[in-house]
Structures are given as structure tokens and as C-alpha cells.
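The values are calculated or read from the model by the stated rules, or taken from the named source; none is laboratory data. The structure presented is a predicted model; accordingly, all values stated were derived computationally and were not measured. We place every Cβ from the backbone using ideal geometry, glycine too, and count neighbours over all the protein chains shown. These accessible areas exclude ligands, DNA and RNA; they are computed on the full protein's heavy atoms, side chains included. Shrake-Rupley method; radii C 1.70, N 1.55, O 1.52, S 1.80 Å.
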Amino acid sequence: MIPVMGYEGRRVLVLGLGRSGRATARALAAGGAEALCWDDSAEARALAAEAGLALADPGRPGLFDGLSALIVSPGIPHLYPAPNRWIARAMEAGVPVDNDIGLFFRSVATRGWAALDVAPRVIAVTGSNGKSTTSALIHHLLTQAGRPAQLAGNIGRGVLDIDPPGEGGVVVLELSSYQTDLARALTPDVAVFTNLSPDHLDRHGGMGGYFAAKRRLFAEGGPDRAVVGVEEPEGVFLANQLAEAPEDDRLIRISVERRLTGPGWHVMARKGFLTEWRKGRQVAAIDLRGVAGLPGRHNHQNACAAYAATRALGLSPRVLEAGLRSFAGLPHRSQFVAERGGVRFVNDSKATNVDSAEQALRAFERIRWIAGGLGKDGGITALAPHLDHVVKAYLIGHSARDFALQLGDAVPHEICETMERAVARAAEEAEPGDTVLLAPAAASFDQYADFEKRGEDFVARVLALG
């Protein structure tokens, strides 16, 4: 646990009692604060009470008087589309609003770090797609190199629930826009921006607000090193804002779409080869084509980001190459499940929007595509230019018929409705060399609790084929 500093003997209210909220309350108490807790869910309050946490109804008269801070869980809106009523009450009362990420950055460094030969470091990863894989890959590369590392934030453990990092320790954080938008302290040693595509726009008041939330990771505290994907105009802009000169090597630009030139520090992946360039000279090259855990262009982008972040900490290219080759990938993200009769089965249930589905579709030849669920605005019309590898689509869930109409005559398709039937039909019709790919391009909540449950169902159906 990371005890929260700065609130000794003061009252703090924690709003939202999921995993991160309960960990935050415990960390506040460990630091000497009087931690009060609330959640609009009676079930969540009951769990908190069973854990010994002190509950306090924000509607109680006078509760905000003398309150030092309101700590908010990531899922609770504070501005758009409308602020939560208790957050609005806190802001009207002048009570500072923060989240567990802000508390982590103000508390993780202690006086004891001065006695360490190698001080701990924090790497924080944000972006629209690939955050989880990039964060997990950075953690894997560090541990394979013998560096003590912990994975937390939007993946792994809650940020305040981890162990205090010791000699040479590295904390790897995956941070969503919800987390970076509100944190009052953001001071990683290395910050990573993978890419940007429209998502959560209602929560951020549009694309500008969404990018601004991501940009805060780089603007609020100023990381020692920044790794920035420059595929989109926002990434190009961010890189330009951070660099003091063309040769400024505090910035590492990454790309999988074009060759980067100039005297700066660049990491690129083109035609399956990752290359590192510094001061106009190539200093390393790695063949990614045979790395089973990182298939496709989108995973090569993740590899570039993870390689650059760990190079910024001084790991050697040879050590990193070995780590890349041993990475097995994450469940539900281009996860290889099985091969039967020359047919590969791949689970990318995390592809819940068209941008992530596009990346999965570009990673394989001759695809039997399982898609559908709770479709998002625009459906799958934006995927039309990327369906040339799709032999047939097998459509499931609430949006199956809408997706069928959008595919029209361009792609053979079948409305299967359920995962069981989709897997059975795709396996029955697949030929050697085909890939049966679950990349839904839709949310899971029509049939499943989350994308993980959907992916688990796909895996179970595949393994049951015999």
C-alpha cells in the first residue's frame, strides 16, 4: 500500500467504492487521514462497511464544512455531460476534487528514496488504443531484464494498493482519459502517448476535450522523457510542443506509418522491422515478424512504444529483443487461442470500437470475422475500406441486423445472433490458412457483463470444438 501523504488529521471524502475507491480509503487512513466513504449503490456501501470503512452520506447537512478533499473514482463524471451532484456540491463549497492517481503522484516518492543507489521510476501510458498491451509489455520487458516492476492503474492493481517501490523499482501505470483528466498531480518519469481516435467524447465534451485530458499527462508535471506516437495530427502537435529543438532527445517519436527523419530520437516499425535512430543514425533493428505475441501493425506500434519507454530507462536493445520475443500477449487482445486443421482462432474481444477492430482486421489474411454486440454510433460503416481480407462475417448480438445492412453485398455474411452459433459456423466453413477472428467493433453489454466475459465465451467455444 502507498500511504497517502498530506492529509494527516484531516477529513477526506471518497466518492465511489469500487476497487480503486476502497483502496484509496485504506491508503488515506494509512497516511493518517480521516477517510469517509460513499457510493450511491447500497451494495457497494454494504461491501465497504463489511471491510470496516466509515460511511458518510454527502447529503448530510454540514458534511462539506471543513472537508479537505473529495476523492472521486474514475467512472463518475465531474464536468461533461453533467457533473455528479456531489462533485458539483464540493466545487461550490471550494473543496478540492482529486482522484487516486493524483494522490499516488503526491505520495509515492518518500524521503527514503534519497538513500537508494537507484531511485524508483514511474512510467505512465495513455492513448486511445493499445494502452493495456503497451503497459503490460513494458512491465514484461522490465521483469525479463531483472528490474523489479509493478503494473497498476487501469490494468493490474489499484495505484495506491501496490507496494512502495524500492531500489531500482519501476511502477508502470496504464492511465485512461478519465484518470488523467482530474488528477491534480501527474509527474511520471517517462510518459507515453500511443495514439488518438474518437472515444468517450460525451465525457470530455468533444474531441478537443478528449485530447486535452490525454495531454495533461505531459503538461502538468513535465516528464523527464516523453514517448509520442505521431500518426495523428494531435500526436504531431504534442511532440512539437514538448521538443525544445529538433535534436532534443528528451522526446522519442514513434511511428508505424512513415519514416521519421532528422537529428532526434526515433523508433519506427516498417514492414515488420523495428528500428531505432538517434542523431540521424540507425542504432538498433529487431525483426518483429516472428513474434507471436505481437501480431499486426497495431501491435508493432505497441512494441515501438514499449521499446522506447524502456530504452529511456537505459535497457539495451539486445535485452529488449529477447523480452519482445518472449511476450505472450494479453487475453482478449489479438490473443491466439488455438489452431485446428490449419485454421487459427484469435480472440480480440477488446476491439469494442471500429478503430481497434480495424487494427485487428489489418493484422491477418483470409479472415472469418465474428462481429457484433451493442453497436456504437455509425456502426461499422467506417470499416468498409478494411474488409478486403474478410471471407465472411458472422454477426452476433443486438446490432447483428444493423451490421448486416451496413455490409450489404460487399461482404458475405450470416446472422448468427449467439457466440455459440458464430463459432460453430465459422469453424465449419473455414479452410486451411483462414483465421477465425473475434473483433466485435461493438460493446458487449447486450449479452455479456464485459468484454472479458465475451472473450472467455469465445475461447470456451473454440476449445470445445475438439
Please report the antiparallel percentage of DSSP beta bridges with both residues in the chain, rounded to the nearest 5.
25
Considering the zone a paramagnetic label at S68 would reach in this model (a point 7 Å from Cα along the Cα-to-Cβ line), which residues of the range 25-59 have amide N under 19 Å from it?
25-38, 53-56
Check which residues have an amide H placed less than 5 Å from V230's amide H, if you skip close sequence neighbours.
I254
Between K271 and F445, how many nm apart are label points set 7 Å from Cα along the C-beta direction?
4.6
Neighbour net charge for L374 - beta-carbon separation under 11 angstrom, K R +1, D E -1
0
For K279 and R10 in one chain, what is 0.36 nm times their gap in residues minus the Cα-Cα distance, to one decimal in nm?
91.7 nm
Protection proxy (average C-beta count within 10 Å per residue), highest first, orders 440-452, 194-206, 10-22 as 10-22, 440-452, 194-206
Say each of D409 and R19 gets a label point 7 Å from the Cα, pointing the same way as Cα to Cβ; how far apart are those two points in nm?
4.9
Rounded to the nearest 0.05, FRET efficiency between A93 and M1 (Cβ-Cβ, R0 25 Å) equals 0.30
Rounded to the nearest 0.05, what FRET efficiency do A292 and A185 give with R0 = 35 Å and r taken as the Cβ-Cβ distance? Could you check?
0.35
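Test of understanding: what is the full-extension gain from E244 to T110, defined as 0.36 nm times their sequence separation minus their Cα-Cα distance?
45.2 nm
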Could you rank the peptides 35-43, 249-257, 109-117 by their average count of other C-beta atoms within 10 Å per residue, with the highest value first?
249-257, 35-43, 109-117
Quick check: net charge around V118, other residues with Cβ under 14 Å of its Cβ, Lys/Arg +1 and Asp/Glu -1?
-1
Compute, for the chain, the length of the dipole vector about the Cα centre, with Cβ point charges of +1 (Lys, Arg) and -1 (Asp, Glu) only. Units Debye, rounded to 20.
960
Considering the zone a paramagnetic label at A338 would reach in this model (a point 7 Å from Cα along the Cα-to-Cβ line), which residues of the range 425-445 have amide N under 19 Å from it?
425-439
Using +1 on the beta carbon of Lys and Arg, -1 on that of Asp and Glu, and nothing else charged, what's the dipole of the range 209-301 about the Cα centre, debye to 20?
320
Antiparallel content of DSSP bridges confined to the range 297-427, in %, to 5:
35
Find the accessible area per residue for the range 313-406; the probe is 1.4 Å, ligands and nucleic acids are left out, and the unit is Å².
42
With each run of n ≥ 4 DSSP H residues scored as -39500 (n - 2.57), what mean residue ellipticity at 222 nm is computed for the chain after dividing by its residue count and rounding to the nearest 500 deg cm²/dmol?
-9500 deg cm²/dmol
Using +1 on the beta carbon of Lys and Arg, -1 on that of Asp and Glu, and nothing else charged, what's the dipole of the range 17-151 about the Cα centre, debye to 20?
420
Under 10 Å from the Cβ of H78, count the other residues' Cβ atoms, weight Lys and Arg +1, Asp and Glu -1, and hand me the total.
0
Projecting the Cα atoms of S316, F345, V291 onto the charge dipole of the chain, where Lys and Arg contribute +1 and Asp and Glu -1 at Cβ, the residue farthest towards the positive end is S316
Here are some pairs, K271/K376; K214/K271; K131/K453; K131/K392; K131/K271; K271/K350; which of them have Cα atoms lying more than 27 Å apart in this structure?
K271/K376; K214/K271; K131/K392
In terms of the charge dipole of the range 1-70, which places +1 on Lys and Arg and -1 on Asp and Glu at the beta carbon, the residue among A25, A42, L63 farthest towards the positive end is A25
